[in-house]
Structures are given as structure tokens and as C-alpha cells.
Amino acid sequence: MTALVKKNVGHALLLPYPSQGHVNPMLQFGKRICSHGRSATAAITRFIASTTTPDAGKVSLETISDGFDEGGFAAAESISTYLASLESVGSQTLDALLQSLADRGLPVSVVVYDSFLPWAAEVARRHGAAAAAFFTQSVAVDVIYCHVWEGRLTYPVAAAVEGLPGLPRLEPEELPSFISAPAVQYAAYLEMVVNQCKNLEDADFMLINSFYELERKMGWLTILMVDQHTKNLSIQTDAILSVVSF
């Protein structure tokens, strides 16, 4: 009976990109989930867990590895080396964590993964969990990167951009610097932010860290961002709680 109750209550596993600007928004979302009487667990890297004390509230904390448990990002020889290790080792240890939680009677209903980590959707699928992409940036920025992914916008951008669905006219200096003035040393980061749109068709939901009054001029035609990719767009905690049968 206890196991049945836990299954009905639901359990979200939160997987943030391992940096403060991504961990904190994900934890805040997890607290919202817990406030609805559901369970949430955040999976942070072992390095982050050993060097910081996140304010997790009622969100449980578990760890995965990025392959650099002792030194984190600083221990990697390059950005691309770190990101490759995060995907390779991170997916393996996430897989092990999901199995461990299930073995402890805490099966995960949905994996809410940072959009910088699209490989997490496949891991979630292997464990029968729904997959939700969580975008920490504004809708406008996300849509710009999606246009790049779709080939509608090329970089570097030297002139004003206009006519792109969901966006007003934008001068080069109003665009993310990755697009207007890409630096060679940050090529791996540019690839990562553009790849947020990779395999979005494999995500069951998208969670956008924004609100209507902030970006009302987007007209929420920015759903074009998911027109050809995903089945659902969610910008409220309640939506994921109900649709995933929490």
C-alpha cells in the first residue's frame, strides 16, 4: 500500500547544469513541486555537493558525476573536454541514480533536465519516466537559439535582424554575444546553447523560466519554437504536476 501511495504522489528528478545560475532556478522549481505535496530530488554533481551548500528546502539531494569529482569544471583541460565528460559520465551515473531510487521504492515519474543537457531525455526514457526540458533563459533568448538551430539565423550577425517569427526587430548588440560576436574560445558553449533545441521532439514537456508580463511582446507565438518538435509547452508548475499524473 505504501509503494502504491508513493507512486500516486509522484516523484520528479531535477537535473541542473552544474553551475549556480542553473542549479538555483531548478531548486526553486523543485520547491514549488514540493509545495504541492509532491516529491522532488535534485541530482547535482559530486563536486558541487562537496564545495557548496545549496538551499534545497524540502528538495532531496542526490549526486551524479561529471567525471571531475575532485576539481569540477576547473579540472578539465578545455570546455569541450568537460562537456563531453559531463555527457558521457553524467548519463551513466544518472542512469545508475534512477535505478537506485527505484530500488529504494522511490521511482521517478519525470526527469526535469536542464535544456543544456538534452541527453538526459534518453536516460529518462530507459526508466519509463517522462522527460521535461527546463530552460533557465528568457523565452526570447531561447527562440533566438532555436532559429539558429533551424537555420533561419546565421552568425556572426552584423546587421539588424527582422522578420523572424516570434521576435521583434533586433540590432546585433541586442542579441546574445554568442551570436553577434562569437569568440573562438567559446565555440563549445555556442554549440551547447544552440543544441538546446536538439531532440526536443523527445521531450514530453518544455518548462520556460519566464512569465507573460515580462515578455508579452513575444505574443507567445514563440510556441513556434516547439511547433515542429514537442507536443506540449508548459510554463506553470501545475501543468507538469497534472499532466504527468503526479
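The values are calculated or read from the model by the stated rules, or taken from the named source; none is laboratory data. Because the structure is predicted, anything quoted here is derived from the model rather than measured. Here the Cβ positions follow ideal geometry from the backbone for every residue, glycine too, while neighbour counts run over all protein chains shown. Keep in mind that these areas ignore ligands, DNA and RNA; they rest on the heavy atoms of the full protein, side chains included. Shrake-Rupley method; radii C 1.70, N 1.55, O 1.52, S 1.80 Å.
Couple of notes before you dig in:
- Cβ-Cβ under 6 Å pairs, at least 6 apart or on other chains, the range 169-195 side modelled with pLDDT under 85, far side open to solvent by 60 Å² or more (accessible area, probe 1.4 Å) and not hydroxyl-bearing (Ser, Thr, Tyr): Pro182/Pro156
- Selection count where residues are more than 15 Å from Met206 (Cα to Cα) and touching a Cys at 6+ places or on another chain (Cβ under 6 Å), scope the range 138-156: 1
- Condition check for Pro18: farther than 23 Å from Ser138 by Cβ and surrounded by 17 or more Cβ atoms within 10 Å (Cβ to Cβ): no
- Only one of Arg104, Arg126 that is without any contact (Cβ under 8 Å) to a residue 40 or more places away in the chain, in contact with a helix residue (DSSP H, G or I) (Cβ under 9 Å, 6 or more places away or on another chain) and surrounded by fewer than 21 Cβ atoms within 10 Å (Cβ to Cβ): Arg126
- Within the range 1-76, strands (runs of 3 or more DSSP E) holding 3 or more residues that are among the aliphatic types (A, V, I, L, M), out of contact with any His (no Cβ under 6 Å at 6 or more places or on another chain) and modelled with pLDDT of 95 or more: 11-15, 39-45
- Ser88 being in contact (Cβ under 8 Å) with a residue 40 or more places away in the chain, open to solvent by 50 Å² or more (accessible area, probe 1.4 Å) and either of a type in the set (Gly, Ala, Ser) or part of a helix (DSSP H, G or I) (or both): no
- The range 20-33: number of residues that are of a type in the set (A, V, I, L, M, F, W, C) and closer than 18 Å to Ala129 by Cβ: 3
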